[in-house]
Amino acid sequence: MNRTEQDRHFDVGGQAVMEGVMMRSPVATAVTVRRPDGTMVTKLTPFVPLKQKHPWMGKPFIRGIINMATMLYYGMNTLEDSTKMLGMLDEEPTKFEKWLADKLGKGVDKIVMAFAIILAVVLSVALFIALPAGVESLLRNAGMPVIGYTLIGGLVKILLLVGYMIFCGFVPDVRRTFQYHGAEHKSVHCHESGLSLTPENAQTFSRLHPRCGTAFLLIVFLISIVLFLILNVLVPIPNFFLRFLFHLAMLPIVAGISYEVLMGLAHSDSKAACVLRWPGMQMQRLTTREPDEKMLECAIVSVNVVLNGIPDHARKTPEGWAVFRNYHESEPGYVPPVDDGPAADTEGSIDSEPVPEV
């Protein structure tokens, strides 16, 4: 089925999750994971864009700050959804986890996710803000001129980012997630091209995409180097703690500018734009890998569902998630074979009607 121009008038993006892909449209997200039995399970979550409720949030530069905050929020929720859909949170909690949940009055999964978010934020701030700010302070106190210590501080950020990505690529589970990241990009490319969304078509496209979050991070770091260079000349800050707070306070402004740069480069075909976005595209070689056909199927199912909704014929889990045996079942207009049986009762369990493995 070819994509119409109406389908492609807005950007579709997403992220890789454990054993699956999330796709996001302006009004919904769809998460699809591949379970051990070979079936794909999809959760569709509609939402109302913040800029629709508050038009000022859609203004240039402000939208970049809002987008960064919402993507962090939805990103963590998506990771939690994917682990639930895979059944990873069904294990019996330890005595400590039960005690902690009883004391805090919340479920173990909420506690674990909150701890993971806090730890990730603390490590990110320490690694990419506090450490470079400390390097800048040391070099400044050693007598290095402002241009020198600002450029070296920015270079430290980029080297830390590259080193972190390389390290993650050696972890088997993360490397597999990088394959799903590649599947996400290939499927988005295929959707944007207007070709039929099939694994064969998607596989022909690049796993690098100009709107990728990896490219955004690199732009953030490069913009921060230029911005801090100007500000360090105008307002020198010798104290490390004040420099750290200054870098932290400037992060939303840097994110707002970087978002506009990323969108401008991604939607331009000029030679200058191609040259400027090249470094960010190459960075994606560290965070993506070539996917297999089953990974592409997960990404395609997410695209189909986020654009067209869950088909009426889809089997459902007790939680209301759709179950697909192949990507064709998620396509609009798909008609199940007569011997395929009626759609499952949304109140029943899919275990009552075994679904063959793909």
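Suppose every K and R has +1 on its Cβ and every D and E has -1 on its Cβ; what is the size of the dipole of segment 13-352 about the Cα centre, in Debye to the nearest 20?
Values: 30 positive and 30 negative charges, 337 e Å.
My answer is approximately 1620 debye.
Placing +1 on the Cβ of every Lys and Arg and -1 on the Cβ of every Asp and Glu, with nothing else charged, gives segment 241-337 a dipole about its Cα centre of roughly 420 debye.
Descending by average beta-carbon neighbour count within 10 Å, the peptides 311-320, 195-204 line up as 195-204, 311-320, the highest first. Dividing the alpha-carbon radius of gyration of segment 13-352 by the rule-of-thumb value 2.2 N^0.38 Å gives 1.11. Panel order for I300, I129, I253, by other beta carbons found within 10 Å of each beta carbon, from fewest to most: I253, I129, I300. The residues neighbouring Y149, those whose beta-carbon lies less than 10 Å from its own, together hold a net charge of 0 under the Lys/Arg +1, Asp/Glu -1 convention.
For segment 13-352, the residue among N77, Y164, H209 whose Cα projects farthest onto the positive side of the dipole built from Cβ charges is Y164. Over 25 Å apart at the Cα level, from the set K51/K186; K84/K316; K157/K294; K186/K294; K84/K294; K186/K271, are K51/K186; K157/K294.
Read the figures in this text as sums done on the coordinates, not as results from a lab. These numbers come from a predicted model, not from an experiment. With ideal geometry, Cβ positions are generated from the backbone for all residues, glycine too; neighbour counts draw on all protein chains shown.
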